[in-house]
Amino acid sequence: MVRNALQRLLQSVLVLLGAALLVFLMLRIIPGNPAAVLMGEHADATVIKRMTEELGLDQPVLVQFFRYIADALRGDFGTSFSLGKPVSELMASAFVNTLILALFASAYAWILGIISGVIAAVKKNSLPDRLFMGASLLGVSMPVFMAAMLLQFFLGYQLKWLPIAGTSDWTGFILPAIALGWNSAGSVARLVRSTLLEILEEDYIDTARAKGRGQMGVLMVHALRNAMLPVITMMAIQLSGMLSGAVITETVFSVNGIGRLAVQAISSRDIPLLQGTVLFSAAIVIIGNYVADSLYNVLDPRIRKEA
Amino acid sequence: MADNTLEIRNLNTSFFTQHGEVRAVNDVSLDVRRAQITGIVGESGCGKSMTARSVMGLVRYPGRIVSGRIRLDGKEITGLSKKEMCSLRGNELSMIFQEPMSSLNPVMKVGKQVEETLRIHQHVTKEEAARRTEEIFREVGISDARSRMACYPHQLSGGLRQRVMIAMAMICKPKLLIADEPTTALDVTVEAQILSLMKRLCEGGTSILLISHNLGVIAQVCDYVYVMYAGRIVEQADTCTLFDHPVHPYTRALLGAASSLRSGAARLETIPGGVPNLLHLPSGCSFSPRCEKCARQCQNEVPQMLPVSGEGHLARCYFANVPEE
Ligand SMILES: Nc1ncnc2c1ncn2[C@@H]1O[C@H](COP(=O)(O)OP(=O)(O)O)[C@@H](O)[C@H]1O
Ligand SMILES: [Mg+2]
């Protein structure tokens, strides 16, 4: 078990390093000298040359890469060209917003998804089942930007219940959270329903009923616990996706999160900032997968044994 | 105290499918006598499990009990509310299933699963529940009870899992234990152990309804046997009588097939034809299409259970009392 966990950890670290190298190389392939971009159109050649040396851009790419990794391990991701502040500082403050958004979105998505999935499974083919499954189909198939614009139009513009964009206070997080969680709610509801339906057919559900458990007891003590195994894995991956920066949602609702920071970095050709945000997102996704895997191992005694 | 722990009268259980009504249990009447093992034997698909599930109130949709009466220890249990049935199940009325692996919850320790039955029906402390579980584990022959309680189902062998199932069913000391093919998934030596455990439980006062498709199992432990075919009881007698003087052509064919298997005959004796479709039963005796004695009468009307010489021996055959030529 411990050996398996370590093995997977090592794998994750390697994947992360690979991702970092890829990002690093891709940014070097883009034509144009970042130092020239940084100094502006009218800088003269000697100034650009000095800047290039200062940034270490005259060194071989691999040397640059290892320098970057070494610095990154110390928490130093360089200084943003466009904003003039340390990248780590910018990412930290953006991450707070991304985190709040992700927690809001996932909390509502999971509660909604699990409850409606359970009701749909227990009352299979009933009106609530059809309603929930119809809504969840809309949830998984409607693109985020469309949900976002509908929410902005109806709840923000017409009814004026909530701010259309910006996060001057916490109410600003509500609409983006709904838009961002919409998809997850739909897929969680569908997965809960189908897993639960499968599990309610299992022999051990009969055993639980033969013991004298009522419907609620069968559901809570035996069925849900087993049904949650795949659902929890899905949720861990969803959360890591949200934490790595919801580019569209953050942009549409002007939430200053990691996703929006990355978009800013791209539009201003801010290489250190882009490198930092992309690497950060990759790290979050890799960690999310690692956690999902580990959770499965912890929750399912059958896997725990084999490992 | 009633003589019979369980009395089933004219039970009909059907599945209402798209294609029509599947009569899984067809006018079944049977008794389980106190502190005896009563068997039901028949080919798979003949309605044994559905009879058991009807008693437990565990028939799944789209099936339901259409009519009939079931009495447990003299008390009518048909028509009880869901809540009242829950308080009976696991407490006065228990059941164990064929597949001991899939019948246990894979993510719950087996000790917890056995304690659960006790804690549903009796207000006991955690410690008391654990102590009683350890005790029942010993009673059903699980050695090293304390450490086995902390195991998950996949860590135990098939035989041990079935013992856990029996412990779970027995911990509240039920009046009736229904065992639906409890040894079918086990190998022969383990089967013998489980059967002798059942005998021991019976000697301790538990009435048992044992379901099997295996005549050998029935012969080893049952006091009285019902033979089932296509949803109906076709013959019933105490075990010795049934094996020595079977009357119904189906019972005879079944015994013939079993003995040819045992003696390693050159040609396996089989019953010609197939089990009738429970959706479209023949209008007369359900066995008539496969029966060599079949007469016109047999095809027109379902025979009643007729008494055969010998006490408590009945058969659903017009020729039950016609001596062999
Ligand atoms: N879900 C179902 N839908 C329709 N028919 C069913 C269903 N479950 C069982 N049956 C019918 O009930 C009959 C009896 O099944 P069962 O009692 O399980 O047989 P067995 O004697 O092997 O235990 C089967 O032959 C089958 O036709
Ligand atoms: Mg069966």
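Miscellaneous remarks
- A single entry from B:Glu311, B:Glu292, B:Glu301, B:Glu269 fulfils the requirement of being acidic (Asp, Glu) and touching a strand residue (DSSP E or B) at 6+ places or on another chain (Cβ under 9 Å): B:Glu311.
- Given (1) within 13 Å of ligand 2 (Cβ to nearest atom); (2) closer than 11 Å to B:Leu176 by Cβ, index of the condition B:Ser49 fails: (2)
- Of the candidates A:Lys123, A:Lys85, the single residue that is at pLDDT below 95 and within 30 Å of A:Met216 (Cβ to Cβ) is A:Lys123.
- Set side by side, the residues B:Lys75, B:Lys48 differ, and just one is free of Cβ contacts under 8 Å to residues at least 40 places away in the same chain, among the basic types (Lys, Arg) and away from chain A (no Cβ under 14 Å), which is B:Lys75.
- Residues being open to solvent by less than 50 Å² (accessible area, probe 1.4 Å) and away from ligand 1 (no atom under 12 Å from the Cβ) - total across the range B:12-28: 1
- Out of B:Ser286, B:Ser260, one residue alone is within 16 Å of ligand 1 (Cβ to nearest atom) and surrounded by 14 or more Cβ atoms within 10 Å (Cβ to Cβ). It is B:Ser286.
- Considering B:Arg53, B:Arg131, the condition of being open to solvent by 30 Å² or more (accessible area, probe 1.4 Å), over 24 Å from the mean Cα position of the chain (by Cα) and either in the same structural domain as B:Ile233 (by TED's automatic domain parsing) or free of Cβ contacts under 8 Å to residues at least 40 places away in the same chain (or both) is satisfied by B:Arg131 alone.
- Within the range B:263-279, the presence of at least one residue that is surrounded by 11 or more Cβ atoms within 10 Å (Cβ to Cβ), of a type in the set (D, E, K, R), in a loop (DSSP other than H, G, I, E, B) and in the same structural domain as B:Gly45 (by TED's automatic domain parsing) is confirmed.
- Selection count, the range B:29-47, where residues are within 12 Å of ligand 1 (Cβ to nearest atom) and crowded, with 23+ Cβ neighbours inside 10 Å: 5
- Here A:Phe145 qualifies as in contact (Cβ under 8 Å) with a residue 12 or more places away in the chain, open to solvent by 70 Å² or more (accessible area, probe 1.4 Å), in contact with a helix residue (DSSP H, G or I) (Cβ under 6 Å, 6 or more places away or on another chain) and not hydroxyl-bearing (Ser, Thr, Tyr).
- Within the range A:190-238, tally of residues that are under 14 Å from B:Asn105 (Cα atoms), facing chain B (nearest Cβ under 9 Å) and open to solvent by 20 Å² or more (accessible area, probe 1.4 Å): 7
- In the range B:122-157, residue farthest from the other protein chains (Cβ to nearest Cβ) [restricted to those that are closer than 21 Å to B:Glu203 by Cα and in a loop (DSSP other than H, G, I, E, B)]: B:Gly141
- Among the residues of the range B:22-39, those that are out of contact with any Asp or Glu (no Cβ under 9 Å at 6 or more places or on another chain) and within 15 Å of ligand 2 (Cβ to nearest atom) comprise B:Val22, B:Ala24, B:Val25, B:Val28.
- Complete set of residues in the range A:251-299 that are within 27 Å of A:Val37 (Cβ to Cβ), over 18 Å from the mean Cα position of the chain (by Cα) and surrounded by fewer than 21 Cβ atoms within 10 Å (Cβ to Cβ): A:Gln264, A:Ile266, A:Ser267, A:Ser268, A:Arg269
- Single unsatisfied condition, A:Val285 versus (1) within 14 Å of chain B (Cβ to nearest Cβ); (2) part of a helix (DSSP H, G or I): (1)
- When residues of the range B:81-121 are limited to those that are more than 9 Å from chain A (Cβ to nearest Cβ) and open to solvent by 60 Å² or more (accessible area, probe 1.4 Å), the one nearest to B:Cys151 (Cα to Cα): B:Lys112
The values are calculated or read from the model by the stated rules, or taken from the named source; none is laboratory data. What you see is a predicted model; the values in this text were computed from it and never measured. Note: ideal-geometry Cβ built from the backbone for every residue, glycine included; neighbour counts use all protein chains shown. Please note that ligands, DNA and RNA were not included when accessible areas were found on the heavy atoms of the full protein model with its side chains. Shrake-Rupley method; radii C 1.70, N 1.55, O 1.52, S 1.80 Å.
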